[in-house]
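The values are calculated or read from the model by the stated rules, or taken from the named source; none is laboratory data. Since the structure is predicted, the reported quantities are computational estimates derived from the model, not experimental observations. Cβ placement follows ideal geometry from the backbone for every residue including glycine, while neighbour counts extend to all protein chains displayed.
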Amino acid sequence: MEAAVYEDLREHGHDGELTPKYFGSWTFEVPTNDAAGLPAKRNIRMILMEYVDAPDIDTILEKELQQDIPDEERLWMMREILKAHAILLWYNILHLDLGPANILLRGYKATEVLEQVSARDRGVVIVGFRMSSSKWRDNSKFSRSLEDKPIKPVYWYCGVAHLNGRP
């Protein structure tokens with residue numbers, strides 16, 4: 001499913017906006033042995049995408065660097081994550097694993113401290129679409145978004161959809 005999401009984002013002109021740029025996917029057949037030691041073949045799938053030199057939030061938490069982040073910066077990060085998620089929903093991509101390991105912070109480096117290396121290029125990059133759904137696919141269980149612009153994240157996350165004229 002991951003390759004399908006990247007392909008659909010690229011096909012609809014959103015490749016590389018909130019995700020790494022996608023260059024294609026391939027399947028290789030590799031000779032191996034089965035559990036009984038007999039020769040067998042295994043399919044290996046590969047996705048080729050842009051390398052994003054940015055730490056994920058999981059790394060920041062593991063290194064306990066979050067206490068170095070000022071409150072204003074934390075709020076900016078959270079706003080950007082929620083905004084990216086809302087835009088992906090509007091692009092008809094349902095990300096079902098938006099956890100710390102799947103959110104990269106472009107413009108930062110995480111060594112012994114979290115360092116902002118580029119204020120101009122900072123942003124959120126979403127990866128890890130293994131557990132996702134593209135509503136562009138004919139076999140999708142979910143209906144496509146008919147909105148003319150993304151729904152504000154507060155309506156998704158705070159249970160106030162009725163404030164936007166929705167039941």
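What to note about this one:
- The stretch 1-35 - residue that is surrounded by 15 or more Cβ atoms within 10 Å (Cβ to Cβ) and aromatic (Phe, Trp, Tyr) and, of those, nearest to TYR91 (Cα to Cα): TYR6
- Matching residues, the stretch 36-66, being crowded, with 16+ Cβ neighbours inside 10 Å and over 25 Å from GLY16 (Cβ atoms): LEU65
- Members of the stretch 63-103 found to be among the acidic types (Asp, Glu) and in contact with a strand residue (DSSP E or B) (Cβ under 9 Å, 6 or more places away or on another chain), listed by number: ASP68, GLU73, GLU80, ASP97
- Scanning the stretch 50-81 for residues that are part of a helix (DSSP H, G or I), farther than 20 Å from ASP97 by Cβ and among the acidic types (Asp, Glu) yields ASP68, ASP71, GLU72, GLU73.
- Note on the stretch 92-167: enclosed strands (runs of 3 or more DSSP E) holding 3 or more residues that are surrounded by 12 or more Cβ atoms within 10 Å (Cβ to Cβ), at pLDDT 75 or above and not hydrophobic (A, V, I, L, M, F, W, C) are 132-134.
- Residue within the stretch 18-41 that is out of contact with any strand residue (DSSP E or B) (no Cβ under 9 Å at 6 or more places or on another chain), part of a loop (DSSP other than H, G, I, E, B) and under 30 Å from LEU114 (Cα atoms) present: no
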